[in-house]
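The values are calculated or read from the model by the stated rules, or taken from the named source; none is laboratory data. Computed from a prediction, not measured in an experiment: that's the story for all the values here. As a convention, Cβ positions derive from the backbone with ideal geometry for all residues, glycine included, and neighbour counts pool all protein chains shown. Just the protein is used for accessible areas: all its heavy atoms, side chains included, with ligands, DNA and RNA removed. Shrake-Rupley method; radii C 1.70, N 1.55, O 1.52, S 1.80 Å.
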Amino acid sequence: MKKIAIIVFLLFCASGLRAQDPYQKTTLVKTGDRMPAFTVEMLDGKTLASEQLAGKVVLINFWATWCPYCIQELNHIKGGGLGRQMRNPDFVFLPVSRGESRETVSAFVAKRGYTFPVAIDSDEKMWNLFATRAIPRNFVVDKSGVVVFTGVGYSAQDFQQVKKAVDKALE
């Protein structure tokens, strides 16, 4: 009976370890992977191709206007959460609105007073290269094009992890 209890306990612990990251299965690009090639339209009408980001540290942030945590994160960035990094010519912040129209995103950006460039992924082609659900979602890519950090959700503590990953990639 004692052996059965130990086996059940070990199985319970092992299943808990697998469940620690509930978004692992929905993250298609993992730490250590190369950034997928993509093309995305910017709010200003220009097109950005991933090749244009070569040699830069990139923070790709997937978000939507209806997502309260996304709004908190973008407001934090607007308020200077990446102030020093945003002034670094080797850094690119790429917020990507997923699944929404240009009109919706444009009105939202204007209302919120965001001045950083914003990408629009209305058809979710770029999003589908990186993940399958859950936003906000961040990917930090180093200068060689390798993903060095992935994260889901927003809290002040979570954002510190993003910031540390960006700073380390900029070293």
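Restricting Pro95, Pro117 to those that are assigned to a loop (DSSP other than H, G, I, E, B) and closer than 17 Å to Met42 by Cα reduces the list to Pro117. In the set Asn128, Asn138, only one residue is part of a helix (DSSP H, G or I) and among the polar types (S, T, N, Q); that residue is Asn128.
Taking residues in the range 57-81 that are on the phi > 0 side of the Ramachandran plot, and partners anywhere that are open to solvent by 10 Å² or more (accessible area, probe 1.4 Å), not one pair has Cβ atoms closer than 6 Å while being at least 6 places apart or on different chains. For beta carbons closer than 6 Å, sequence separation of 6+ or different chains, a first residue in the range 153-171 that is crowded, with 20+ Cβ neighbours inside 10 Å and a second that is part of a helix (DSSP H, G or I) and hydroxyl-bearing (Ser, Thr, Tyr), the qualifying pairs are Tyr154/Tyr69.
So which of Arg133, Arg87 is modelled with pLDDT under 95, among the charged types (D, E, K, R) and under 16 Å from Tyr69 (Cβ atoms)? Talk me through it step by step, then tell me what you get.
Details: Arg87 fails: under 16 Å from Tyr69 (Cβ atoms).
Every option except Arg133 fails the conditions.
Regarding the range 133-145, can at least one residue be identified that is open to solvent by 20 Å² or more (accessible area, probe 1.4 Å) and either in contact with a Pro (Cβ under 6 Å, 6 or more places away or on another chain) or closer than 14 Å to Gly81 by Cα (or both)? Give the derivation first.
The first filter runs over the range 133-145 and keeps only residues open to solvent by 20 Å² or more (accessible area, probe 1.4 Å), leaving 133-135, 142-144.
Restricting the remaining residues to those that are either in contact with a Pro (Cβ under 6 Å, 6 or more places away or on another chain) or closer than 14 Å to Gly81 by Cα (or both) gives none.
No, there is no match, as no residue in the range 133-145 is open to solvent by 20 Å² or more (accessible area, probe 1.4 Å) and either in contact with a Pro (Cβ under 6 Å, 6 or more places away or on another chain) or closer than 14 Å to Gly81 by Cα (or both).
Tell me, which residue of the range 47-79 that is open to solvent by 70 Å² or more (accessible area, probe 1.4 Å) and of a type in the set (D, E, K, R) is modelled with the lowest pLDDT? Taking the candidates together, the pick is Lys78.
For (1) open to solvent by less than 30 Å² (accessible area, probe 1.4 Å); (2) more than 18 Å from Thr39 (Cα to Cα); (3) modelled with pLDDT under 95; (4) in contact with a Phe, Trp or Tyr (Cβ under 9 Å, 6 or more places away or on another chain), each residue gets a yes or a no:
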site: Gly81; (1), (2), (3), (4): yes, yes, yes, yes
site: Phe93; (1), (2), (3), (4): yes, no, no, yes
site: Arg98; (1), (2), (3), (4): no, no, no, yes
site: Arg102; (1), (2), (3), (4): no, no, no, no
site: Ser106; (1), (2), (3), (4): no, yes, no, no
site: Ile120; (1), (2), (3), (4): yes, no, no, no
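When Val58, Val29, Val40 are screened for being in contact with a strand residue (DSSP E or B) (Cβ under 8 Å, 6 or more places away or on another chain) and in a loop (DSSP other than H, G, I, E, B), only Val29 passes.
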